[in-house]
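Reading through the structure tokens given below for one structure.
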Amino acid sequence: MSASSTPLHGYARKADHPDYLDRWFFRHCQNGSCRFRLDDEVCNQAPFGFLLMEKGRHVLQIPEWQEVCRETPNSSTLPPEPKAGYRRPALDSDPVVLVAVVDFLLQPHVTAMRLLQWAWLGLTSLAAAADTNTTHESRNILPTTFKPPPHFRNVNLVRNINLEKSYPRETINVVVENVDAQPQREYYLPFEQGTLGRIGGLEAKDKKEPERTGFTAEIVEVDPYSSTEYYKITFPSALPSKEQITLQITYYVLSALEPLPAHIGQLDKQYVLHTFSAYVPSAYTTLKQKTKLKLPTVDVPDVTTLPADLNAEGKEDPQKQGTTFTYGPYGEREAGATQEASVRYEFTRPLTHGKLLERDVEVSHWGGNIATEERHWLTNRAAALKNQFSRVQYQQSAYYNPPTHALKDLRFPLTLGSVDAYFTDDVGNVSTSRFRTNARESNLELKPRYPVFGNWNYSFKVGWNIDLNNYLRHVKGGGSDSYILNVPFFEGPKQAEGVEYERVVTRIILPEGADNVRFQTSVPLVSNTTSLHRTFMDTIGRTTLTLTALNVVDEFRDRDLLVTYDLPFGARFTKPLTISAGMLVVFALSWVVGNLDVSIGGKKKTA
């Protein structure tokens, strides 16, 4: 890691449109110590608090949305080091340059992407320090030497990896037995270094009793020295000794497919590489296991072949049946055993990746309407173009419509009854859209202003209105009326190849005076905040519930979000009274101005 002669000073400031995380971090090294800073661009864009770490310990935490900008008078002088465990109490009038000594970064196995993942995991946990209404996913930092206690063993394990979309979906069905003398309820699921920050939607349940609730999952290991990171799955009740439970664990891995080759022609086929372990990584001894891969095609030029002596049945792996490849079964494997494997297959589709999705749902009781707007920042992770883009070649291919790795269109299946749909981007209104609605469905079909090829970006927003009566229920009681709102957590495009999102922020903007806000959703969240949103003709502002989720895929679209709130009887008249008062003031001022004598000589008296 080379040294830099001029430090880059740190900033973190609220903004409306964040840029991609890996552009935000720059490095300055002096005397063997590296200090991370944020640049001027971040001062205008970064919406996050930032967590810095020193040898695995929290060094400095900056609450989310706090402005932290300062020019250092002498750019060659570095500010003093914060001590381990130090936390800045208040930053409103006392800005500070973010500094942390991270000696472990000098080690070759620690990469910049690794830091980004640690930082990303820490971002949302800071929100709780800034707002008491904010909750976040629990994370415990354990020692580097931590190993899960061997209370369990995996009697039989089957992992299914579905590669039919642009992100892998892994489902692990495992029979777990408690081999300890005491009842146990904490099951650890390991992930390789750098993978944890890309895991999304991890859910666990009892496969034999799917209706059983109470399973929880939390991140418990993000130590920078550790090569293994863990999720801890907690059972609803402790599993007695010698008893078994059949777990079904499902999760998604974002940004897991790598285009290979990384550059192709405009009309060439695209091949992607997926790397995995033929042995399912586990913190416990596994007696029997197998891994199945479901591919979208039979065009598989490269796949890792394993010798027959590893297979419990003496067969060479993988066994192929149609588009399914099977590794195993394998006999007893110790905890932590891995066997690297990979598969390269044809996938001539876009790898659509959402950097950010912001969704606003504005509820109007007086208008009887729900106004929904979604703002998308998309990129295509597909192979980049080997040569310059040819519009002529693109138009010629439109006549026979071959498979392409470019993102050419987006389809939004909207909620039934949606009206007044619109589609705009950074330039303005986009006319290449079609909105169709009938008694059975509502669809918004979009064509971006240009085809989005590999490594290209496109940002846009869509919006529509819908009748409030279809999604709001009124419950009378006491001095306040309670309402239950049922809307999708997010909608977004529905593509055959799938869409993955790094960050989804949903805001439910309720009427003025709404209080006692509660919510329920099955989407895993990292934070929730209740605040005020002020807009046209508001007085105190509208109660706003903000929910944030990380690493979400389009299979979570349309998951219900139930919001319950109270609205006092008098609060519903706030808006009309405000408008009436405003009109009276205008009329009064008009009358006063109309009766002013502004003539130079004044009015003459008449006899």
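On the basis of being in contact with a Pro (Cβ under 9 Å, 6 or more places away or on another chain), assigned by TED's automatic domain parsing to the domain that holds Phe556 and under 30 Å from Phe569 (Cβ atoms), does Gly513 make the cut?
yes
Restricting to the range 396-414, and then to whatever is outside any loop (DSSP other than H, G, I, E, B) and of a type in the set (A, V, I, L, M, F, W, C), can you tell me which residue is farthest from Ala383 (Cα to Cα)? Give the derivation first.
The first filter runs over the range 396-414 and keeps only residues outside any loop (DSSP other than H, G, I, E, B), leaving 396-397, 407, 410-414.
Now drop any that are not of a type in the set (A, V, I, L, M, F, W, C), which leaves 407, 410, 412, 414.
Details: Leu407: 12, Leu410: 19, Phe412: 25, Leu414: 31 Å.
Here the answer is Leu414.
Any idea which residue in the range 234-255 is surrounded by the most Cβ atoms within 10 Å (Cβ to Cβ), counting only those that are touching a Leu at 6+ places or on another chain (Cβ under 7 Å) and closer than 10 Å to Val174 by Cα?
Ranking the candidates gives Ile249 first.
Condition check ((1) part of a loop (DSSP other than H, G, I, E, B); (2) under 27 Å from the mean Cα position of the chain (by Cα); (3) farther than 29 Å from Arg534 by Cα) across all residues:
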| position | (1), (2), (3) |
| --- | --- |
| Lys320 | no, no, yes |
| Tyr327 | no, no, yes |
| Glu362 | no, yes, no |
| Ala371 | no, yes, no |
| Asn387 | yes, no, yes |
| Val392 | no, no, yes |
| Arg434 | no, no, yes |
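If you go through the range 567-589 one residue at a time, do you hit one that is assigned to a strand (DSSP E or B), surrounded by 11 or more Cβ atoms within 10 Å (Cβ to Cβ) and either touching a helix residue (DSSP H, G or I) at 6+ places or on another chain (Cβ under 8 Å) or not basic (Lys, Arg) (or both)?
There is at least one residue in the range 567-589 that is assigned to a strand (DSSP E or B), surrounded by 11 or more Cβ atoms within 10 Å (Cβ to Cβ) and either touching a helix residue (DSSP H, G or I) at 6+ places or on another chain (Cβ under 8 Å) or not basic (Lys, Arg) (or both).
Failed condition for Ala382, given (1) outside the structural domain of Val452 (by TED's automatic domain parsing); (2) surrounded by 21 or more Cβ atoms within 10 Å (Cβ to Cβ), with all others met?
For Ala382, the failing item is (1).
Quick check on my filter: what residues within the range 261-318 are of a type in the set (Asp, Glu) and part of a loop (DSSP other than H, G, I, E, B)?
Of everything in the range 261-318, those that are of a type in the set (Asp, Glu) and part of a loop (DSSP other than H, G, I, E, B) turn out to be Asp268, Asp299, Glu313, Glu316.
Condition first: surrounded by fewer than 20 Cβ atoms within 10 Å (Cβ to Cβ) and more than 13 Å from the chain's Cα centre (by Cα). Now tell me which residues in the range 512-527 satisfy that.
Across the range 512-527, the qualifying residues are Asp515, Asn516, Val517, Arg518, Phe519, Gln520, Thr521, Ser522.
Identify, by number, the condition in (1) buried (at least 20 other Cβ atoms within 10 Å of the Cβ); (2) in a strand (DSSP E or B); (3) of a type outside the set (Val, Ile, Thr) that Glu203 doesn't meet.
Looking at each condition in turn, Glu203 falls short on (1).
I'm told Tyr167 meets every condition in (1) modelled with pLDDT of 90 or more; (2) hydroxyl-bearing (Ser, Thr, Tyr); (3) farther than 30 Å from Thr404 by Cβ except one. Can you identify the failing condition by its number?
(3) is the only condition that Tyr167 fails.
If you check Val505, Val475, Val499, which single one turns out to be over 19 Å from the mean Cα position of the chain (by Cα) and of a type outside the set (Lys, Arg)?
Being over 19 Å from the mean Cα position of the chain (by Cα) and of a type outside the set (Lys, Arg) holds for just one of Val505, Val475, Val499, which is Val475.
Mind checking which residues of the range 256-273 are surrounded by fewer than 20 Cβ atoms within 10 Å (Cβ to Cβ) and within 23 Å of the chain's Cα centre (by Cα)?
Residues of the range 256-273 surrounded by fewer than 20 Cβ atoms within 10 Å (Cβ to Cβ): 258, 260-263, 265-269, 273.
Glu258, the sole residue that qualifies.
Kindly evaluate Gly417 against the criterion of being part of a loop (DSSP other than H, G, I, E, B) and in contact (Cβ under 8 Å) with a residue 60 or more places away in the chain.
Considered against the rule, which asks whether it is part of a loop (DSSP other than H, G, I, E, B) and in contact (Cβ under 8 Å) with a residue 60 or more places away in the chain, Gly417 comes out as no.
Of the conditions (1) assigned to a strand (DSSP E or B); (2) in contact (Cβ under 8 Å) with a residue 12 or more places away in the chain; (3) surrounded by fewer than 17 Cβ atoms within 10 Å (Cβ to Cβ), Lys355 fails just one. Which one is it?
Unmet for Lys355, out of (1) assigned to a strand (DSSP E or B); (2) in contact (Cβ under 8 Å) with a residue 12 or more places away in the chain; (3) surrounded by fewer than 17 Cβ atoms within 10 Å (Cβ to Cβ): (3).
I need a count of the residues in the range 146-189 that are closer than 19 Å to Tyr330 by Cα and of a type outside the set (A, V, I, L, M, F, W, C).
Within the range 146-189, residues that are closer than 19 Å to Tyr330 by Cα and of a type outside the set (A, V, I, L, M, F, W, C) number 9.
The values are calculated or read from the model by the stated rules, or taken from the named source; none is laboratory data. Please read these numbers as outputs of a predicted model, since none were measured by experiment. As a convention, Cβ positions derive from the backbone with ideal geometry for all residues, glycine included, and neighbour counts pool all protein chains shown.
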